[in-house]
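**Q** Dropping the structure in here first, questions after.
The values are calculated or read from the model by the stated rules, or taken from the named source; none is laboratory data. Since we're looking at a predicted model, the values are computed, not measured. Note that each Cβ is placed from the backbone with ideal geometry, even for glycine, and that neighbours are counted across all protein chains shown. We work out accessible area using only protein heavy atoms, side chains counted, and drop any ligands, DNA or RNA first. Shrake-Rupley method; radii C 1.70, N 1.55, O 1.52, S 1.80 Å.
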Amino acid sequence: MPVGTEIKISLPEMEEGKVSFHISETAYRIECTVSVYTFDRKEGVTMNSIWTMTTETDERQPLKKNLSVDTAVIGGGIAGVLTAHFLKQSGIETVVLEADRLFGGQTKNTTAKITLQHGLIYHKLIEKVGKERAGLYVEANRAAIGQYRRMAEEENMDCFFRNCNACLYTMKDGEALQKEEAAARSLGICAEYTTKTELPFQVKGALCYYDQAVFHPLLFLKKIAEGLTVYENTRVVDVKGHELITEDYRVEAEHIVFATHYPFINIPGFYFLRMHQERSYVLALQNTRQMDNMYYGIDRDGLSFRKSGDVLLLGGGSHRTGENKGGGKYRDLRMAAEKMFPGCREVTRWSAQDCMPVDDIPYIGRYSAEYPDWYVATGFRKWGMTSAMAAAMLIRELITEGKSRFEEVFTPQRLNLQASAGKLAEEGMESAKGLGKGLFTATPRCPHMGCALEWNPDELSWDCPCHGSRFDSNGKLMDNPAQVDLEV
């Protein structure tokens, strides 16, 4: 049989595991691993991520007494769990305080792309912060990818870790991608411009980053969290110096890490002036063209594609939180899906929320100059997997060694006016608009800073356009930085 001969094999429904094939002509034997996700088809389409639908986690008890520890991590998402994991490895006594359930916040809603392909960023970084700092940004994210790979292999994790390429694409003009290719290559990134992809349509251009990865985030984190001290249903409502105040008890800690997605302490730090939040939407589809690589559209209406088992994750519809009055985001994705993949089947759908910093670089490091023993990890944009790992590694170095060579690029104390002046002004205008709107009407207002809320018909929620807090139709808090429910 000649090399490169295409062989098509139909598989019946089966359990996960190894499967072998014998192919005649002479004697060929192929062994591969089959990944199968099982979904409950009886209940119709859900609004849960495929990660939560395929993972069961044991409940942890809430905090039931006052504590004194070396380090307290606020937030049981991927950034908090990884930080606690590394600190424990370093011999630092650490507890995780989670307001709800482990991985119950934004982590469960990721599309789980482990990549240093972060959109059109590298030529901007070189122009605005210089090649040296842009290089540090690349190095930190490359180290994060390598760390995921090592952990998955060394722990022999069954988290569907898979190497692949991460590609940007455009339907309009490839010039921006060619410019980004030159910038990426100058920083030592292996990336290549092309016009050939696996997408179900012709592109004007694509930029593919090699040796990236995808995985099942909750199965990965479930393994990592096994040996950690975690208190669920333990909301931290305030922090004063080295004391964390929960709804019932207090924790004294030498070091405090804010890994709450969006920091809930306004002053010091002033993160509410330097970030906003955006929402985006995902459909999980079966009966589509399968793609080995992941794709992210850079056009205004661009879509993202990434397979997981026999499911394709189709994402898009991004908008500033609190600015979806007309709705229709899921409808638009369904229309696009049917056009590209006639007869495809929607398994589930969900949405995600991302913190967007004014200069496109996450805030990782010391929370503020006034509190050198407070640390923060936020502003990951749409690239939370690599950013969370980079944050955990950086914060571990700050706590154990007092410094990190990556601190200068990610430090929350930076103020680069060239990189962020326009965005700072925009954030100020949006906040002023939200605060002034509905002053003479019965508009619901966010308890965080008093901005008028907007109804989101796609998710039946009240959303804050200023800083991204969200509440369900009954006023129950869904997303921070707000800390309390609405007064209905």
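**Q** Quickly rank 87-93, 202-208, 387-393, 110-116 as a protection proxy: mean count of other C-beta atoms within 10 Å, highest first.
**A** My ranking of the peptides, most packed first, is 387-393, 110-116, 202-208, 87-93.
**Q** Using protein chains only and a probe of 1.4 angstrom, how many square angstrom of TRP455 are accessible, to the nearest 10?
**A** Using a 1.4 Å probe on the heavy atoms, I get roughly 90 Å².
**Q** Students sometimes get this wrong: rank HIS123, HIS216, HIS242 by accessible area, probe 1.4 Å, all chains present, largest first.
**A** HIS242, HIS123, HIS216
**Q** OK, next. Indicate the gyration tensor shape class of the stretch 241-385 (rounded, prolate or oblate), computed on the Cα atoms with a ≥ b ≥ c the square roots of the eigenvalues: a/c under 1.5 is rounded; otherwise a/b larger than b/c is prolate and the rest oblate.
**A** prolate
**Q** Related question: Where does the stretch 51-177 land on Rg(C-alpha)/(2.2 N^0.38 Å)?
**A** Here the Cα radius of gyration is 1.35 times the empirical estimate.
**Q** Under the 0.36 nm per residue contour assumption, what length would be gained going from the current alpha-carbon distance of PHE201 and ARG405 to full extension?
**A** Result for the pair: 69.1 nm of gain on full extension.
**Q** Within the stretch 190-233, report the chymotrypsin sites (Phe, Trp or Tyr not before Pro) that DSSP leaves as loop and that have at most 11 other Cβ atoms within 10 Å.
**A** Loop-located and lightly packed - PHE201.
**Q** Could you give the nm distance between label points at ASP332 and LYS240, where each point is 7 Å from its Cα heading toward the beta carbon?
**A** Result for the modelled spin labels: 4.7 nm.
**Q** Quote the relative contact order of the stretch 341-413 in percent (integer), defining contacts as alpha-carbon pairs under 8 Å separated by 6+ residues.
**A** 34 percent
**Q** Using the per-residue mean of other Cβ atoms lying within 10 Å as a proxy for protection, in what order, highest first, do the peptides 62-69, 345-352, 181-188, 78-85 fall?
**A** Order by mean packing, descending: 78-85, 345-352, 181-188, 62-69.
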